[in-house]
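Since the structure comes first, as structure tokens, the remarks are kept for the end.
The values are calculated or read from the model by the stated rules, or taken from the named source; none is laboratory data. Source: prediction; values computed, not measured. Please note: Cβ atoms are built from the backbone with ideal geometry, for glycine as well, and neighbour counts cover all protein chains shown. The protein model used for the area step is the full one, side chains on, heavy atoms only, and it has no ligands, DNA or RNA in it. Shrake-Rupley method; radii C 1.70, N 1.55, O 1.52, S 1.80 Å.
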Amino acid sequence: IKFVKLSNVKNDYIENNTLYFNAIDNVASYNVDVIASGKVKETLLVNNSSQNELVSLSLVEFADSVNGAEYTLQITPNIDGYISQQSVDVYGGTSISVKYVVLGTVQNLAINDRVISWGFVKNAQSYTVQIHKDGQLLDTYANITQNYLQIEYIESGEYECKVIANSTSANTTTGKIYSQVAKFNILQAPEITIDENTINWTSVVDAEGYL
């Protein structure tokens, strides 16, 4: 029996929701343990039977299944999947870990007097606000570092607003675009006339009162 000592997994990183690491010669698969609070939540299998030098694993499906959490991804080669033409006894192949942060979805989205506000998202560095009308994207406000945005000018009508959490930190996903949606209506200004001691104005659609 031939004894084979595996090298260690090296150079792991995450980019665009994909995990990358250098392959170990003749290892056909790897286990990626998703660890949170010291416990393995899920184990993802990575196949590399084609022996690519750089192994990759898409994390999109996993990220879509969770919301607002921090994980450690621990990569371990499967010694049972060692590719060899003869009988071998394989050992070694120390695992390696990388941090992975999934941003949460924006919550508590609210509209008040042309001010859009929302709750802070942990690990988010900025937010993107999208304004929609009749299913069409009208405006996008990017790189907002506060948890509110004042709309200076917008025509009367009904709009939809979406807020997305962002981060440029390594190994951190962008927040889900399926954030809460709030509908708001900007009332049209009334036309005002003054007749001697009487102030008159035109009625405004959907207005519940006047000040």
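So, of the residues in region 107-135 that are in a strand (DSSP E or B) and within 16 Å of the chain's Cα centre (by Cα), which turns out to be nearest to TYR159 (Cα to Cα)?
Here the answer is GLN130.
Within region 27-55, count every residue that is assigned to a strand (DSSP E or B) and surrounded by 13 or more Cβ atoms within 10 Å (Cβ to Cβ).
To start, the set of residues in region 27-55 that are assigned to a strand (DSSP E or B) comprises 27, 29-36, 39-47, 54-55.
From what is left, the residues that are surrounded by 13 or more Cβ atoms within 10 Å (Cβ to Cβ) are 27, 29-36, 41-42, 44, 46, 55.
Counting residues in region 27-55 that are assigned to a strand (DSSP E or B) and surrounded by 13 or more Cβ atoms within 10 Å (Cβ to Cβ) gives 14.
Name the residues in region 155-173 that are open to solvent by 20 Å² or more (accessible area, probe 1.4 Å) and at pLDDT below 70, would you?
GLU155, SER156 - these are the residues of region 155-173 that are open to solvent by 20 Å² or more (accessible area, probe 1.4 Å) and at pLDDT below 70.
Go through region 1-14 and count every residue that is surrounded by fewer than 17 Cβ atoms within 10 Å (Cβ to Cβ), modelled with pLDDT under 85 and assigned to a strand (DSSP E or B).
Here the count works out to 6.
Within region 56-73, how many residues turn out to be farther than 21 Å from ALA124 by Cβ and outside any strand (DSSP E or B)?
Residues that pass the stated criteria total 1.
I'd like the full set of residues that are in a strand (DSSP E or B) and without any contact (Cβ under 8 Å) to a residue 60 or more places away in the chain, limited to region 16-26.
THR18, TYR20, ASN22
Which ones in region 13-38 are more than 12 Å from GLN74 (Cβ to Cβ) and not hydrophobic (A, V, I, L, M, F, W, C)?
Of everything in region 13-38, those that are more than 12 Å from GLN74 (Cβ to Cβ) and not hydrophobic (A, V, I, L, M, F, W, C) turn out to be TYR13, GLU15, ASN16, ASN17, THR18, TYR20, ASN22, ASP25, ASN26, SER29, SER37.
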